[in-house]
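The structure appears right after this line, and notes come after that.
Read-outs: derived from the displayed coordinates by stated rules, not from any lab. Keep in mind it's a predicted model, so treat the numbers as computed, not measured. Because the Cβ atoms are built from the backbone with ideal geometry, glycine has one as well, and the counts that use them run over all protein chains shown.
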Amino acid sequence: MPTKTVRNYAKRGDVINVPDLQQVQRRSYDRFLQKESSPESRDQELGIESLLREVFPIESYDGSMRIEYVSYAFGDPQHSEAECRELRLTYGYPLRVKLRFHREETSEVTEEDIYLGDIPIMLGGGEFIVNGAERVIVSQLHRSPGVDFSINSSVGDRPLHGARIIPDRGSWLELEVTKKDVLALKIDKSAKIAATTFLRALAEKYGSTESILEQFHDIEEVKVEKLRPEHYSAELLVDFDTGEELCKPGQQFGEKSLETVIGSGLKSVRAIRDPGDSLILNTLAEEKLDFLSEVTEHEASLLRIYGRLRPGNPPQVDKARELFHERFFDLDRYRMGRVGRFRINRKFEHDTRHKVPSTDLGLTAEDFLAILRYILELRRPHDGSKRNAIVDDIDHLGTRRLRTLDELATEEMRKGFAKLRRTVQERMSTKDPSEALKIADLMNTKSVSSAVEFFFGRSELSQVVDQTNPLSMLVHERRLSALGPGGLNR
C-alpha cells in the first residue's frame, strides 16, 4: 500500500500538542490490573491487589483452617481478537491467584494456583470485546465523600440548617435543625434521634452530658448567691443530706429549682451564664436517655440507636455495641476513604480543635464535634466580622468526583469475593478435618467470574461503543454518567 505525504500549509504551529484524550480510561485500567508490576512492587491499596488483601486470609469458623493470599498473575489470551469477534467470546486474560493453605492438624503447608476467570483486555482507547461485541465502561460522576452543609428549609426569616455526611462506603448520616430548634440525625433515612445521642455513642469520653457541655459552652464556677433563673446547670446537683436530685446538667435553673439549690447548703456550682445559641441545650433536653437506670449514658445512647436500627429486637447492651461497631467502626463496612478524609480536613482547617490525621479513614468523634460546631457557626448572626462557615452548593462540581473504571470494577468484584468468602467458610465447616483437602475443593470461583461478566457485559455503565465514526467513538469513551450503582436513579 503506497504511503501518502501529509503536507501542512499552516503559517503557525500548534500552541500545544494534542493531549492523550483516552488516558483516563487507560490509566485507570492499568491501576486496576497492575499487570506490568511484579507481585512485590504492586500498590496494596489499588485494584485487584487491594481486593485480594481485603478478602484474604479466609479462616474457618473454628480456626482450624486458613487460606492465605500470596500473589496473582495473568496468563495469555486463549483466543485472538478476530476469533472472539467471530465466535462471540470475551477477549481476556486468565486470572490465576496463588493461595496458601494452612491446617492445624498437619504442619504441612500447601500452595495452589486457582483460576478465577477471565479479565477482559482493553483495546486501543478503552473498549473491550465482551461476548463478541465492543463495549466501553463509562466513568461515573457522583457525590464526593465528605460533609456538605445546606439550608433545608426556613421558618419565617429563620433558616434551618442541615448537614449530610456522605461516606465512601456505608450509611449516610443526615443532620437537620428542626422547627423546635433541636438538632436531629437520621441514619439512612431511619427515624430521627438526637445528634448528641450519636456523639455519645461514638466515643465514651463524650458519654456524659457534662463532657458535651464543655465542648460547646463556657462553664464557670459560680457562687450560689450569684445564680440567676436564666442560668443553666453544668453538673448534676444533689442534696447531700437527703440525696434528692436538685438540677440535671444542661437544665435551666428557673425560679423553683434556684430556690431549692440556694436552700441546699451548696457554696458554689458549675454553671453556664451566657449559653448564646441554645441548640445543643435544646437537643440534650430532647434526648430522654434515662429510660434505663442500670446503664451509663454511653450505653443508653447505644441502646437508643439499636432500637432505631433494629425495631422490635429486645435491647441488649452487647448486641447494641456490636451493631454500632459494625456499622461505623469496621472499615470494610464504613469508611470515608482518602477523598472523604481530605475533604473533611480541608473543610475544618480553621477549627483549631479538629486534629485528625489524614491516615484515619473512618468517622471519628472529633469529626462529628467539628460538624456540630460548624452548624453553630452557620447559625451565628452575621455581625460584620469574618466567618469561616459557608453553606455548600451541592450542584457545584467541587462537590463531585469521578469514579473511574478501576473503582467501579473493584466495587462490583467485591460483591463476588464476599460470596466466595462465605462459600469457603461454609465448606470448611462441613469438611472432616482429617480428610485430605485441596484449596480447589473449597473454592467456588463462579461467584467471582460471574461478577466480572456482569460488570463488563450487563451493568448500567457498560455500553456498546458508538462506532459511527472515530470521533463519535472517542466522544463515547470520554463520556460521563451520573447513573449506575451509587449514583442517581432514572
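Can you tell me how much longer the chain between Glu59 and Thr296 gets when fully stretched, taken as 0.36 nm per residue apart minus their C-alpha distance, in nm with one decimal?
81.7 nm
Is the shape of the chain rounded, prolate or oblate, going by the alpha carbon gyration tensor and its root eigenvalues a ≥ b ≥ c, with a/c under 1.5 for rounded and a/b larger than b/c for prolate?
It is oblate, given that a/c is not under 1.5 and a/b is not larger than b/c.
Listing His79, His231 from the residue with the fewest other Cβ atoms within 10 Å to the one with the most, what is the order?
In increasing order of surrounding Cβ atoms, one gets His79, His231.
So which of Lys35/Lys189; Lys267/Lys347; Lys205/Lys347; Lys267/Lys288; Lys189/Lys256 end up more than 32 Å apart by C-alpha?
Check vs 32 Å cut-off fails for Lys35/Lys189; Lys267/Lys347; Lys189/Lys256.
Take every DSSP beta bridge whose two residues both sit in the chain, then give the antiparallel share in percent to the nearest 5.
Bridges in the chain that DSSP calls antiparallel: roughly 95 percent.
What does the charge count near Arg400 come to, summing +1 for each Lys or Arg and -1 for each Asp or Glu among other residues with Cβ under 12 Å from its Cβ?
After counting each charged neighbour, the total is 0.
Mind checking the dipole of region 218-274: about its Cα centre, +1 per Lys or Arg Cβ, -1 per Asp or Glu Cβ, Debye to the nearest 20?
Using Cβ point charges on Lys, Arg, Asp and Glu, region 218-274 gives about 100 debye.
Between region 262-325 and region 67-101, what is the separation of their alpha carbon centroids in Å?
56 Å
Relative contact order for the chain using alpha-carbon pairs under 8 Å, separation at least 6, rounded to a whole percent?
20 percent
Taking K and R as +1 and D and E as -1, what net charge do the other residues with C-beta under 9 Å from the C-beta of Ala370 add up to?
Local net charge: 0.
Work out, step by step, the length gained on full extension between Asp318 and Ser449: first 0.36 nm times the residue separation, then minus their alpha carbon distance; give nm to one decimal.
43.3 nm
Taking neighbour Cβ counts within 10 Å as the exposure measure, how do Met473, Met122 sort from fewest upward?
Met473, Met122
Explain nothing, just compute: Karplus ³J(HN,Hα) = 6.51 cos²θ - 1.76 cosθ + 1.60, θ = phi - 60°, for every residue of region 204-212 in order, whole Hz, x for Gly and Pro.
Here the 3J(HN,Hα) series is 5, 5, 9, x, 8, 5, 4, 5, 5 Hz.
Nearest 0.05, what FRET efficiency do Lys438 and Phe329 give at R0 = 25 Å with Cβ-Cβ as r?
Efficiency, from the Cβ-Cβ distance: 0.10.
If you take every residue apart from Ser257 with its C-beta less than 13 Å away from the C-beta of Ser257, what net charge results, scoring Lys and Arg +1 and Asp and Glu -1?
That works out to -3.
Once both labels are modelled 7 Å past Cα along the beta-carbon direction, what's the Glu245-Ala482 spacing in nm?
Result: 5.0 nm between the two label points.
Roughly how far apart, in whole Å, are the Cα centres of region 392-455 and region 107-185?
17 Å
Which aspartates and glutamates have a Cα lying under 18 Å from the Cα of Lys11, excluding residues fewer than 8 positions away in the same chain?
Partners within reach: none.
Hey, rough spin-label estimate for Lys35 and Trp172, points 7 angstrom out along Cα→Cβ, what's it come to in nanometres?
Spacing of the two 7 Å Cα→Cβ label points: 3.7 nm.
Pulled fully out, how much extra length does the chain show between Asp188 and Val70, if you take 0.36 nm times their separation in residues and subtract their Cα-Cα distance?
So the chain would gain 38.7 nm between Asp188 and Val70.
Test of the criteria: in region 5-114, which trypsin sites (Lys or Arg not before Pro) are in a DSSP loop and have at most 12 other Cβ atoms within 10 angstrom of their Cβ?
Listed in order of number, the matching sites are Arg7, Lys11, Arg12, Arg88.
Check Thr110: other-chain or 5+ apart residues with amide H under 5 Å from its amide H, H built from backbone geometry?
Under 5 Å from the amide H of Thr110: Phe101.
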